[in-house]
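Have a look at the structure below, then the notes.
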Amino acid sequence: MAKKGLMKTNTTSSPDSVPDVFLSKFGPDIQGAISGFDRLRLRGTLRHLFQPTVMEAYLNACRVLIKDFGRFAEGITQRIKAAVYQLAEKSRRPYRYLPSSQIGKEEVAREIALKDPVEQGLIAILGCVEPCLSYVVRGSLTTKHIHMELAQRKCTHFYFYYLHPVLGFMHLRLQSWFPFTININLNGREWLGRQLDRARVAYRKKQNCFVWIQDLAKAQALLDEQWRTDWPPLLNSLLQECHPLHREICQPIHQEYYWSASDTEYATDVLFKDAARLGQWYPRFVQHGISSFASPDVMRFLGRNVPTTTGKVNAHFKGEVISDLKHRPEGIRVKHSLNSNSIKVYDKQGSVLRVETTIVRPQEFRVRRAVEGDRQGQKDWRILRRGIADLPRRAQVSHAANQRYLTALAAVTGTTRLSEVAREICQPIVRDGQRYRAINPWAKEDGALLEAISRGEFAINGLRNRDLQRLLYKTKAAGPEQRRRAGAITRKLRLLRGHGLLKKVSGTHRYILTQKGREIVTALLAARQADVEKLSKLAA
(Lines give C-alpha, C1' and ligand atoms only; values in the text may rest on other atoms or scores of the structure.)
Protein backbone atom coordinates (compact mmCIF):
# COMPACT_ATOMS: atom_id res chain seq x y z
CA MET A 1 0.00 0.00 0.00
CA ALA A 2 1.63 3.24 -1.13
CA LYS A 3 1.86 6.28 1.06
CA LYS A 4 1.32 9.74 -0.31
CA GLY A 5 2.72 13.02 0.84
CA LEU A 6 4.24 16.32 -0.19
CA MET A 7 7.10 16.21 2.28
CA LYS A 8 10.55 17.32 1.18
CA THR A 9 12.37 14.52 -0.63
CA ASN A 10 15.79 13.40 0.49
CA THR A 11 17.33 12.31 -2.81
CA THR A 12 20.62 11.12 -1.34
CA SER A 13 21.01 7.42 -1.95
CA SER A 14 23.78 5.01 -0.99
CA PRO A 15 27.13 6.21 -2.41
CA ASP A 16 27.47 3.02 -4.43
CA SER A 17 23.87 2.80 -5.70
CA VAL A 18 24.89 4.35 -9.03
CA PRO A 19 28.45 4.72 -10.39
CA ASP A 20 29.79 8.27 -10.34
CA VAL A 21 30.38 8.13 -14.08
CA PHE A 22 26.63 7.50 -14.57
CA LEU A 23 25.71 10.25 -12.11
CA SER A 24 28.02 12.74 -13.79
CA LYS A 25 26.27 12.09 -17.09
CA PHE A 26 22.64 11.85 -15.97
CA GLY A 27 22.65 13.37 -12.46
CA PRO A 28 20.43 16.39 -13.33
CA ASP A 29 17.74 14.01 -14.60
CA ILE A 30 17.54 11.55 -11.69
CA GLN A 31 16.30 11.56 -8.10
CA GLY A 32 18.64 8.81 -6.97
CA ALA A 33 18.70 5.03 -6.90
CA ILE A 34 18.17 1.93 -4.75
CA SER A 35 19.74 -1.51 -5.12
CA GLY A 36 18.65 -4.79 -3.59
CA PHE A 37 17.03 -8.16 -4.11
CA ASP A 38 13.89 -8.19 -6.20
CA ARG A 39 12.66 -11.78 -6.50
CA LEU A 40 14.05 -14.49 -4.22
CA ARG A 41 13.20 -18.15 -4.78
CA LEU A 42 14.35 -20.13 -1.76
CA ARG A 43 14.20 -23.90 -1.50
CA GLY A 44 13.96 -26.20 1.49
CA THR A 45 15.12 -29.77 0.93
CA LEU A 46 15.72 -32.89 2.95
CA ARG A 47 18.85 -33.22 0.89
CA HIS A 48 20.00 -36.52 2.41
CA LEU A 49 16.84 -38.11 1.05
CA PHE A 50 17.93 -37.28 -2.50
CA GLN A 51 20.42 -40.14 -2.22
CA PRO A 52 18.65 -43.46 -2.94
CA THR A 53 20.85 -45.40 -0.51
CA VAL A 54 19.96 -42.95 2.29
CA MET A 55 16.28 -43.19 1.34
CA GLU A 56 16.51 -46.95 1.75
CA ALA A 57 18.20 -46.45 5.14
CA TYR A 58 15.40 -44.03 6.06
CA LEU A 59 12.78 -46.69 5.28
CA ASN A 60 14.73 -49.18 7.35
CA ALA A 61 14.75 -46.73 10.29
CA CYS A 62 10.96 -46.46 9.90
CA ARG A 63 10.73 -50.28 9.80
CA VAL A 64 9.24 -50.13 6.30
CA LEU A 65 10.18 -52.58 3.55
CA ILE A 66 11.14 -51.13 0.17
CA LYS A 67 8.24 -52.97 -1.45
CA ASP A 68 5.86 -51.16 0.93
CA PHE A 69 7.20 -47.67 0.11
CA GLY A 70 4.11 -46.68 -1.92
CA ARG A 71 1.67 -47.47 0.87
CA PHE A 72 3.91 -45.82 3.48
CA ALA A 73 4.34 -42.62 1.41
CA GLU A 74 0.63 -42.45 0.59
CA GLY A 75 -0.22 -42.54 4.30
CA ILE A 76 2.01 -39.53 5.03
CA THR A 77 0.70 -37.65 1.99
CA GLN A 78 -2.92 -38.10 3.10
CA ARG A 79 -2.04 -36.75 6.55
CA ILE A 80 -0.34 -33.73 4.94
CA LYS A 81 -3.44 -33.05 2.86
CA ALA A 82 -5.65 -33.30 5.93
CA ALA A 83 -3.40 -30.79 7.75
CA VAL A 84 -3.63 -28.39 4.79
CA TYR A 85 -7.42 -28.54 4.67
CA GLN A 86 -7.55 -28.05 8.44
CA LEU A 87 -5.33 -24.95 8.20
CA ALA A 88 -7.62 -23.42 5.56
CA GLU A 89 -10.70 -24.15 7.70
CA LYS A 90 -9.09 -22.88 10.91
CA SER A 91 -7.94 -19.66 9.21
CA ARG A 92 -11.32 -19.25 7.51
CA ARG A 93 -9.58 -18.82 4.20
CA PRO A 94 -10.49 -20.56 0.92
CA TYR A 95 -8.89 -23.70 -0.47
CA ARG A 96 -9.13 -23.97 -4.23
CA TYR A 97 -8.06 -26.84 -6.45
CA LEU A 98 -6.75 -25.81 -9.89
CA PRO A 99 -7.34 -28.36 -12.66
CA SER A 100 -4.34 -27.21 -14.72
CA SER A 101 -0.77 -26.26 -13.81
CA GLN A 102 -0.95 -23.58 -16.53
CA ILE A 103 -3.39 -21.45 -14.54
CA GLY A 104 -1.66 -18.38 -13.12
CA LYS A 105 -1.65 -19.01 -9.39
CA GLU A 106 -0.57 -15.53 -8.35
CA GLU A 107 -3.41 -14.01 -10.37
CA VAL A 108 -5.88 -16.35 -8.66
CA ALA A 109 -4.50 -15.44 -5.21
CA ARG A 110 -4.63 -11.71 -5.92
CA GLU A 111 -8.19 -12.06 -7.20
CA ILE A 112 -9.18 -13.81 -3.95
CA ALA A 113 -7.40 -11.11 -1.92
CA LEU A 114 -9.34 -8.44 -3.82
CA LYS A 115 -12.73 -10.08 -3.30
CA ASP A 116 -12.09 -11.31 0.25
CA PRO A 117 -9.31 -9.07 1.63
CA VAL A 118 -7.13 -9.74 4.66
CA GLU A 119 -4.93 -7.20 6.40
CA GLN A 120 -2.38 -9.82 7.39
CA GLY A 121 -1.91 -13.59 7.27
CA LEU A 122 -3.09 -16.38 4.98
CA ILE A 123 -4.86 -15.27 1.79
CA ALA A 124 -5.67 -18.68 0.31
CA ILE A 125 -4.35 -22.19 -0.31
CA LEU A 126 -4.27 -23.50 -3.87
CA GLY A 127 -3.78 -27.12 -4.89
CA CYS A 128 -2.52 -28.38 -8.23
CA VAL A 129 -1.01 -31.57 -9.68
CA GLU A 130 2.44 -30.76 -11.08
CA PRO A 131 5.67 -32.58 -12.01
CA CYS A 132 8.08 -33.38 -9.19
CA LEU A 133 11.28 -35.31 -8.52
CA SER A 134 10.38 -38.26 -6.33
CA TYR A 135 11.00 -41.97 -5.80
CA VAL A 136 9.86 -45.12 -7.51
CA VAL A 137 10.65 -48.74 -6.67
CA ARG A 138 12.64 -50.49 -9.41
CA GLY A 139 13.78 -54.08 -9.84
CA SER A 140 17.23 -55.12 -11.04
CA LEU A 141 17.62 -58.06 -13.42
CA THR A 142 21.27 -58.33 -12.39
CA THR A 143 20.89 -58.43 -8.61
CA LYS A 144 17.30 -59.74 -8.53
CA HIS A 145 16.63 -57.11 -5.84
CA ILE A 146 14.38 -54.07 -5.73
CA HIS A 147 15.76 -50.62 -4.93
CA MET A 148 14.76 -46.96 -4.69
CA GLU A 149 15.32 -44.70 -7.68
CA LEU A 150 14.73 -40.98 -8.22
CA ALA A 151 12.45 -40.23 -11.17
CA GLN A 152 10.17 -37.57 -12.58
CA ARG A 153 6.63 -38.06 -11.32
CA LYS A 154 3.54 -35.99 -10.62
CA CYS A 155 1.90 -35.20 -7.32
CA THR A 156 -0.26 -32.56 -5.66
CA HIS A 157 1.51 -29.35 -4.70
CA PHE A 158 0.02 -26.87 -2.25
CA TYR A 159 0.52 -23.11 -2.64
CA PHE A 160 0.12 -21.03 0.52
CA TYR A 161 -0.31 -17.34 -0.32
CA TYR A 162 0.27 -14.83 2.47
CA LEU A 163 0.28 -11.17 3.32
CA HIS A 164 3.22 -11.66 5.65
CA PRO A 165 3.76 -9.03 8.40
CA VAL A 166 7.45 -8.76 7.47
CA LEU A 167 7.72 -9.97 3.87
CA GLY A 168 4.48 -8.70 2.37
CA PHE A 169 2.84 -10.65 -0.47
CA MET A 170 4.61 -14.03 -0.82
CA HIS A 171 3.93 -17.73 -1.12
CA LEU A 172 5.18 -21.15 -0.07
CA ARG A 173 4.88 -24.23 -2.29
CA LEU A 174 4.84 -27.69 -0.64
CA GLN A 175 5.35 -30.95 -2.51
CA SER A 176 3.02 -33.51 -0.92
CA TRP A 177 5.09 -36.61 -1.77
CA PHE A 178 8.58 -37.76 -0.81
CA PRO A 179 11.01 -36.04 -0.45
CA PHE A 180 8.62 -33.13 0.36
CA THR A 181 10.55 -30.28 -1.25
CA ILE A 182 9.49 -26.72 -0.36
CA ASN A 183 9.86 -23.52 -2.37
CA ILE A 184 9.37 -20.06 -0.85
CA ASN A 185 8.99 -17.10 -3.21
CA LEU A 186 9.65 -13.64 -1.78
CA ASN A 187 9.87 -10.20 -3.34
CA GLY A 188 12.39 -7.71 -2.01
CA ARG A 189 10.36 -4.70 -3.12
CA GLU A 190 7.25 -6.02 -1.34
CA TRP A 191 9.44 -6.52 1.71
CA LEU A 192 10.83 -2.98 1.38
CA GLY A 193 7.31 -1.56 1.39
CA ARG A 194 6.69 -3.16 4.80
CA GLN A 195 10.02 -1.84 6.08
CA LEU A 196 9.26 1.69 4.91
CA ASP A 197 5.82 1.54 6.55
CA ARG A 198 7.37 0.62 9.89
CA ALA A 199 10.03 3.33 9.50
CA ARG A 200 7.31 5.87 8.61
CA VAL A 201 9.03 6.79 5.34
CA ALA A 202 6.62 8.06 2.66
CA TYR A 203 6.74 6.62 -0.84
CA ARG A 204 4.81 6.12 -4.07
CA LYS A 205 4.72 2.61 -5.47
CA LYS A 206 3.30 1.30 -8.72
CA GLN A 207 3.01 -2.48 -8.81
CA ASN A 208 6.51 -3.81 -8.03
CA CYS A 209 8.30 -0.50 -8.45
CA PHE A 210 8.95 2.55 -6.27
CA VAL A 211 8.72 5.73 -8.34
CA TRP A 212 9.38 8.07 -5.40
CA ILE A 213 10.76 7.58 -1.89
CA GLN A 214 10.99 10.34 0.66
CA ASP A 215 14.34 9.14 2.03
CA LEU A 216 16.35 7.10 -0.46
CA ALA A 217 19.30 6.67 1.89
CA LYS A 218 17.02 5.09 4.49
CA ALA A 219 15.43 2.88 1.85
CA GLN A 220 18.86 1.66 0.75
CA ALA A 221 19.82 0.89 4.34
CA LEU A 222 16.64 -1.17 4.72
CA LEU A 223 17.35 -3.07 1.49
CA ASP A 224 20.84 -3.84 2.76
CA GLU A 225 19.31 -5.25 5.94
CA GLN A 226 17.40 -7.82 3.88
CA TRP A 227 20.40 -9.85 2.77
CA ARG A 228 21.79 -9.79 6.32
CA THR A 229 18.63 -11.50 7.61
CA ASP A 230 18.94 -14.44 9.99
CA TRP A 231 17.13 -16.69 7.55
CA PRO A 232 16.59 -20.04 9.37
CA PRO A 233 14.21 -18.70 12.08
CA LEU A 234 12.18 -16.77 9.50
CA LEU A 235 11.90 -19.67 7.05
CA ASN A 236 11.37 -22.30 9.75
CA SER A 237 8.40 -20.34 11.12
CA LEU A 238 6.75 -20.58 7.69
CA LEU A 239 7.70 -24.26 7.51
CA GLN A 240 6.07 -24.97 10.87
CA GLU A 241 2.81 -23.29 9.90
CA CYS A 242 2.44 -24.84 6.44
CA HIS A 243 4.07 -28.24 6.99
CA PRO A 244 3.39 -29.32 10.60
CA LEU A 245 4.42 -32.94 9.88
CA HIS A 246 7.99 -31.97 9.01
CA ARG A 247 9.42 -32.79 12.45
CA GLU A 248 7.93 -36.27 12.38
CA ILE A 249 9.23 -36.85 8.84
CA CYS A 250 12.72 -35.64 9.77
CA GLN A 251 13.01 -37.59 13.02
CA PRO A 252 13.97 -41.13 11.84
CA ILE A 253 17.45 -40.07 10.67
CA HIS A 254 17.62 -36.76 12.59
CA GLN A 255 17.72 -34.43 9.61
CA GLU A 256 16.53 -30.86 9.08
CA TYR A 257 15.44 -28.88 6.06
CA TYR A 258 18.39 -27.33 4.24
CA TRP A 259 17.67 -23.85 2.87
CA SER A 260 19.15 -22.70 -0.41
CA ALA A 261 18.49 -20.10 -3.10
CA SER A 262 17.28 -21.61 -6.39
CA ASP A 263 17.56 -18.28 -8.18
CA THR A 264 17.80 -14.64 -7.21
CA GLU A 265 17.10 -11.36 -8.94
CA TYR A 266 19.02 -8.29 -7.75
CA ALA A 267 17.81 -4.98 -9.16
CA THR A 268 19.26 -1.48 -9.28
CA ASP A 269 16.46 1.04 -9.82
CA VAL A 270 17.53 4.46 -11.08
CA LEU A 271 14.64 6.82 -10.32
CA PHE A 272 14.44 9.51 -12.98
CA LYS A 273 12.59 12.72 -12.09
CA ASP A 274 9.87 12.04 -14.64
CA ALA A 275 9.04 9.80 -17.60
CA ALA A 276 10.08 12.45 -20.14
CA ARG A 277 13.65 12.55 -18.82
CA LEU A 278 14.06 8.78 -18.98
CA GLY A 279 12.24 8.72 -22.31
CA GLN A 280 14.83 10.90 -23.99
CA TRP A 281 17.65 8.50 -23.01
CA TYR A 282 16.06 5.06 -22.95
CA PRO A 283 15.97 4.46 -26.74
CA ARG A 284 19.72 5.11 -26.79
CA PHE A 285 20.26 2.71 -23.89
CA VAL A 286 18.36 0.05 -25.83
CA GLN A 287 20.27 0.71 -29.04
CA HIS A 288 23.67 0.48 -27.39
CA GLY A 289 22.68 -2.43 -25.18
CA ILE A 290 21.71 -4.61 -28.12
CA SER A 291 24.19 -3.37 -30.74
CA SER A 292 27.36 -2.39 -28.86
CA PHE A 293 27.73 -5.05 -26.17
CA ALA A 294 29.32 -8.14 -27.67
CA SER A 295 29.83 -11.54 -26.01
CA PRO A 296 33.08 -10.50 -24.24
CA ASP A 297 31.30 -7.50 -22.71
CA VAL A 298 28.43 -9.66 -21.45
CA MET A 299 30.96 -12.08 -19.94
CA ARG A 300 32.66 -9.22 -18.11
CA PHE A 301 29.35 -7.86 -16.82
CA LEU A 302 28.63 -11.30 -15.33
CA GLY A 303 32.04 -11.74 -13.73
CA ARG A 304 33.99 -13.64 -16.39
CA ASN A 305 37.45 -12.55 -17.48
CA VAL A 306 38.19 -11.88 -21.13
CA PRO A 307 41.73 -10.92 -22.24
CA THR A 308 41.85 -7.18 -22.83
CA THR A 309 44.67 -7.55 -25.32
CA THR A 310 42.56 -9.59 -27.75
CA GLY A 311 38.99 -8.87 -26.63
CA LYS A 312 38.18 -12.44 -27.66
CA VAL A 313 36.49 -15.20 -25.69
CA ASN A 314 38.79 -18.03 -24.63
CA ALA A 315 38.67 -20.86 -27.17
CA HIS A 316 38.02 -23.36 -24.35
CA PHE A 317 34.84 -21.59 -23.27
CA LYS A 318 31.93 -24.00 -23.82
CA GLY A 319 29.06 -21.86 -22.63
CA GLU A 320 26.53 -19.81 -24.53
CA VAL A 321 26.14 -16.03 -24.59
CA ILE A 322 22.82 -14.64 -25.85
CA SER A 323 21.58 -11.07 -26.18
CA ASP A 324 18.00 -10.41 -27.13
CA LEU A 325 15.49 -7.61 -27.29
CA LYS A 326 11.85 -8.06 -26.31
CA HIS A 327 8.94 -5.69 -26.88
CA ARG A 328 6.64 -5.82 -23.87
CA PRO A 329 3.33 -3.96 -23.35
CA GLU A 330 5.07 -1.57 -20.95
CA GLY A 331 8.23 -1.05 -23.04
CA ILE A 332 11.37 -2.63 -24.47
CA ARG A 333 13.65 -4.98 -22.50
CA VAL A 334 17.26 -5.87 -23.39
CA LYS A 335 18.58 -9.10 -21.88
CA HIS A 336 22.04 -10.68 -21.94
CA SER A 337 22.42 -14.31 -20.80
CA LEU A 338 25.49 -16.38 -19.94
CA ASN A 339 25.01 -20.03 -18.93
CA SER A 340 21.50 -19.34 -17.55
CA ASN A 341 22.63 -16.30 -15.53
CA SER A 342 21.55 -12.99 -17.01
CA ILE A 343 21.60 -9.22 -16.79
CA LYS A 344 18.88 -7.08 -18.30
CA VAL A 345 17.75 -3.48 -18.53
CA TYR A 346 14.23 -2.13 -18.91
CA ASP A 347 12.09 0.85 -18.04
CA LYS A 348 9.59 0.46 -15.22
CA GLN A 349 6.47 2.58 -14.86
CA GLY A 350 7.86 5.11 -17.32
CA SER A 351 10.33 6.83 -14.99
CA VAL A 352 12.48 4.05 -13.48
CA LEU A 353 15.49 2.50 -15.23
CA ARG A 354 16.01 -0.99 -13.85
CA VAL A 355 19.18 -3.04 -14.31
CA GLU A 356 18.71 -6.53 -12.94
CA THR A 357 21.10 -9.45 -12.49
CA THR A 358 19.60 -12.94 -12.19
CA ILE A 359 21.71 -15.77 -10.78
CA VAL A 360 20.51 -19.30 -11.46
CA ARG A 361 23.96 -20.94 -11.56
CA PRO A 362 25.92 -19.60 -8.57
CA GLN A 363 28.81 -21.93 -9.37
CA GLU A 364 29.81 -19.44 -12.07
CA PHE A 365 31.00 -17.13 -9.25
CA ARG A 366 33.41 -17.41 -6.32
CA VAL A 367 33.28 -16.60 -2.62
CA ARG A 368 36.15 -16.47 -0.14
CA ARG A 369 35.31 -19.05 2.52
CA ALA A 370 36.54 -22.08 4.38
CA VAL A 371 35.65 -25.62 3.34
CA GLU A 372 32.03 -26.42 4.16
CA GLY A 373 31.77 -27.92 7.62
CA ASP A 374 35.07 -26.39 8.79
CA ARG A 375 34.34 -22.79 9.72
CA GLN A 376 37.71 -22.33 11.38
CA GLY A 377 39.61 -23.70 8.38
CA GLN A 378 41.73 -21.73 5.96
CA LYS A 379 39.76 -19.48 3.64
CA ASP A 380 40.23 -19.55 -0.11
CA TRP A 381 38.27 -18.61 -3.23
CA ARG A 382 35.74 -21.39 -3.67
CA ILE A 383 32.57 -21.99 -5.68
CA LEU A 384 29.62 -19.85 -4.63
CA ARG A 385 27.08 -22.19 -3.06
CA ARG A 386 23.30 -22.23 -3.34
CA GLY A 387 23.00 -22.27 0.45
CA ILE A 388 21.58 -19.18 2.14
CA ALA A 389 24.92 -18.71 3.93
CA ASP A 390 26.24 -17.31 0.64
CA LEU A 391 23.32 -14.93 -0.03
CA PRO A 392 25.37 -11.87 1.04
CA ARG A 393 27.99 -12.76 -1.57
CA ARG A 394 25.24 -13.18 -4.18
CA ALA A 395 24.16 -9.64 -3.38
CA GLN A 396 27.73 -8.39 -3.76
CA VAL A 397 28.43 -10.01 -7.13
CA SER A 398 25.00 -9.03 -8.46
CA HIS A 399 25.48 -5.44 -7.32
CA ALA A 400 28.92 -5.34 -8.98
CA ALA A 401 27.41 -6.67 -12.23
CA ASN A 402 24.73 -3.95 -12.21
CA GLN A 403 27.40 -1.33 -11.54
CA ARG A 404 29.49 -2.54 -14.48
CA TYR A 405 26.45 -2.42 -16.75
CA LEU A 406 25.45 1.11 -15.72
CA THR A 407 29.03 2.26 -16.15
CA ALA A 408 29.09 0.74 -19.62
CA LEU A 409 25.78 2.42 -20.52
CA ALA A 410 27.19 5.78 -19.47
CA ALA A 411 30.40 5.14 -21.38
CA VAL A 412 28.71 4.39 -24.69
CA THR A 413 25.89 6.93 -24.54
CA GLY A 414 26.90 10.24 -26.09
CA THR A 415 29.91 11.46 -28.01
CA THR A 416 32.72 12.32 -25.60
CA ARG A 417 32.32 10.36 -22.40
CA LEU A 418 34.87 7.65 -22.98
CA SER A 419 37.65 10.07 -23.84
CA GLU A 420 36.80 12.14 -20.77
CA VAL A 421 36.85 9.05 -18.57
CA ALA A 422 40.13 7.79 -20.04
CA ARG A 423 42.01 11.09 -20.33
CA GLU A 424 43.39 11.02 -16.78
CA ILE A 425 45.16 7.70 -17.11
CA CYS A 426 46.08 7.97 -20.79
CA GLN A 427 48.53 10.82 -20.21
CA PRO A 428 51.49 11.27 -17.83
CA ILE A 429 50.79 12.95 -14.50
CA VAL A 430 52.84 14.39 -11.64
CA ARG A 431 51.61 13.74 -8.11
CA ASP A 432 53.41 14.73 -4.89
CA GLY A 433 56.52 15.49 -6.93
CA GLN A 434 56.54 12.02 -8.52
CA ARG A 435 56.00 11.57 -12.27
CA TYR A 436 53.88 8.66 -13.45
CA ARG A 437 53.80 7.54 -17.07
CA ALA A 438 50.61 7.24 -19.11
CA ILE A 439 48.67 3.97 -19.09
CA ASN A 440 47.63 2.68 -22.50
CA PRO A 441 44.75 0.19 -22.11
CA TRP A 442 45.36 -1.08 -25.65
CA ALA A 443 49.01 -1.90 -25.15
CA LYS A 444 49.56 -5.58 -24.39
CA GLU A 445 51.12 -5.19 -20.93
CA ASP A 446 48.88 -2.39 -19.67
CA GLY A 447 45.76 -4.11 -20.97
CA ALA A 448 46.67 -7.34 -19.17
CA LEU A 449 47.35 -5.35 -15.98
CA LEU A 450 43.94 -3.63 -16.07
CA GLU A 451 42.24 -6.94 -16.76
CA ALA A 452 44.01 -8.55 -13.82
CA ILE A 453 43.08 -5.89 -11.25
CA SER A 454 39.43 -5.95 -12.36
CA ARG A 455 38.97 -9.67 -11.67
CA GLY A 456 35.93 -10.46 -9.55
CA GLU A 457 37.82 -12.42 -6.87
CA PHE A 458 39.65 -9.24 -5.83
CA ALA A 459 36.53 -7.11 -5.43
CA ILE A 460 36.02 -7.82 -1.73
CA ASN A 461 39.37 -8.72 -0.16
CA GLY A 462 41.74 -7.04 -2.60
CA LEU A 463 44.83 -8.29 -4.42
CA ARG A 464 48.47 -8.83 -3.47
CA ASN A 465 51.78 -8.61 -5.29
CA ARG A 466 51.88 -12.40 -5.52
CA ASP A 467 48.38 -12.48 -7.08
CA LEU A 468 49.47 -10.23 -9.94
CA GLN A 469 52.64 -12.28 -10.41
CA ARG A 470 50.51 -15.39 -10.82
CA LEU A 471 48.30 -13.71 -13.41
CA LEU A 472 50.87 -11.76 -15.41
CA TYR A 473 53.60 -14.40 -15.65
CA LYS A 474 52.86 -17.75 -17.23
CA THR A 475 55.64 -19.69 -15.48
CA LYS A 476 56.70 -20.09 -11.87
CA ALA A 477 59.96 -18.61 -10.65
CA ALA A 478 62.26 -18.73 -7.64
CA GLY A 479 65.34 -16.98 -6.34
CA PRO A 480 66.56 -13.89 -8.22
CA GLU A 481 63.92 -14.19 -10.93
CA GLN A 482 61.12 -14.26 -8.38
CA ARG A 483 62.53 -11.16 -6.68
CA ARG A 484 62.83 -9.41 -10.06
CA ARG A 485 59.17 -10.13 -10.77
CA ALA A 486 58.13 -8.92 -7.32
CA GLY A 487 59.97 -5.67 -7.95
CA ALA A 488 58.34 -5.22 -11.34
CA ILE A 489 54.88 -5.77 -9.84
CA THR A 490 55.66 -3.29 -7.06
CA ARG A 491 56.37 -0.66 -9.71
CA LYS A 492 53.09 -1.47 -11.49
CA LEU A 493 51.19 -1.15 -8.22
CA ARG A 494 52.88 2.22 -7.61
CA LEU A 495 51.80 3.33 -11.11
CA LEU A 496 48.20 2.29 -10.51
CA ARG A 497 48.13 4.02 -7.13
CA GLY A 498 49.66 7.13 -8.66
CA HIS A 499 46.80 7.32 -11.17
CA GLY A 500 44.27 6.77 -8.38
CA LEU A 501 43.06 3.38 -9.64
CA LEU A 502 44.15 1.38 -6.58
CA LYS A 503 44.36 2.09 -2.88
CA LYS A 504 46.15 0.13 -0.17
CA VAL A 505 44.12 -1.66 2.50
CA SER A 506 45.39 -0.31 5.79
CA GLY A 507 47.51 -2.74 7.82
CA THR A 508 47.77 -5.30 5.00
CA HIS A 509 49.68 -6.01 1.81
CA ARG A 510 46.47 -5.90 -0.21
CA TYR A 511 45.14 -3.34 -2.69
CA ILE A 512 41.60 -2.72 -3.92
CA LEU A 513 40.13 -0.74 -6.79
CA THR A 514 39.00 2.76 -5.89
CA GLN A 515 35.57 3.97 -6.99
CA LYS A 516 37.33 5.94 -9.72
CA GLY A 517 39.39 2.91 -10.70
CA ARG A 518 36.35 0.64 -10.95
CA GLU A 519 34.53 3.13 -13.16
CA ILE A 520 37.47 3.80 -15.47
CA VAL A 521 38.48 0.16 -15.87
CA THR A 522 34.89 -1.02 -16.41
CA ALA A 523 34.23 1.71 -18.97
CA LEU A 524 37.41 0.96 -20.90
CA LEU A 525 36.84 -2.79 -20.95
CA ALA A 526 33.20 -2.44 -21.98
CA ALA A 527 33.70 0.06 -24.80
CA ARG A 528 37.18 -0.86 -26.01
CA GLN A 529 36.36 -1.65 -29.64
CA ALA A 530 34.13 1.34 -30.28
CA ASP A 531 36.62 3.91 -29.01
CA VAL A 532 40.05 2.35 -29.53
CA GLU A 533 41.08 5.10 -31.95
CA LYS A 534 40.29 7.81 -29.42
CA LEU A 535 42.12 5.99 -26.67
CA SER A 536 45.18 5.49 -28.84
CA LYS A 537 45.27 9.23 -29.57
CA LEU A 538 44.92 10.04 -25.88
CA ALA A 539 47.77 7.73 -24.92
CA ALA A 540 50.11 8.90 -27.68
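Remarks
- Applying the condition of being at pLDDT below 95 and within 30 Å of ASP230 (Cβ to Cβ) to the stretch 264-305 and asking which residue is surrounded by the fewest Cβ atoms within 10 Å (Cβ to Cβ) yields GLY303.
- Taken over the stretch 233-248, the criterion of being free of Cβ contacts under 8 Å to residues at least 60 places away in the same chain and not polar (S, T, N, Q) is satisfied by PRO233, ARG247, GLU248.
- Scanning the stretch 63-78 for residues that are exposed (fewer than 15 other Cβ atoms within 10 Å of the Cβ) and at negative phi returns LEU65, LYS67, ASP68, GLY70, ARG71, GLU74, GLY75, GLN78.
- The set of residues in the stretch 72-124 being among the basic types (Lys, Arg) and either in a helix (DSSP H, G or I) or in contact with a His (Cβ under 7 Å, 6 or more places away or on another chain) (or both) consists of ARG79, LYS81, LYS90, LYS105, ARG110, LYS115.
- Residue ID - surrounded by the most Cβ atoms within 10 Å (Cβ to Cβ), chosen from residues in the stretch 205-257 that are β-branched (Val, Ile, Thr) and assigned to a strand (DSSP E or B): ILE213
- Looking at ARG393, ARG404, just one residue is charged (D, E, K, R) and surrounded by fewer than 22 Cβ atoms within 10 Å (Cβ to Cβ), and that residue is ARG393.
- Near pairs, Cβ below 7 angstrom, 6+ apart or cross-chain, from the stretch 340-353 (in contact (Cβ under 8 Å) with a residue 60 or more places away in the chain and more than 22 Å from VAL397 (Cα to Cα)) to any residue that is surrounded by fewer than 22 Cβ atoms within 10 Å (Cβ to Cβ) and of a type in the set (Phe, Trp, Tyr): ASP347/TYR282
- For GLU481, the requirement of being closer than 25 Å to PHE365 by Cβ and either exposed (fewer than 15 other Cβ atoms within 10 Å of the Cβ) or touching a residue at least 40 places away in the same chain (Cβ under 8 Å) (or both) is not met.
The values are calculated or read from the model by the stated rules, or taken from the named source; none is laboratory data. Note that the structure is a prediction, hence the values are computed from the model and not measured. Here the Cβ is made from the backbone with ideal geometry for all residues, glycine too, and neighbour counts use every protein chain on show.
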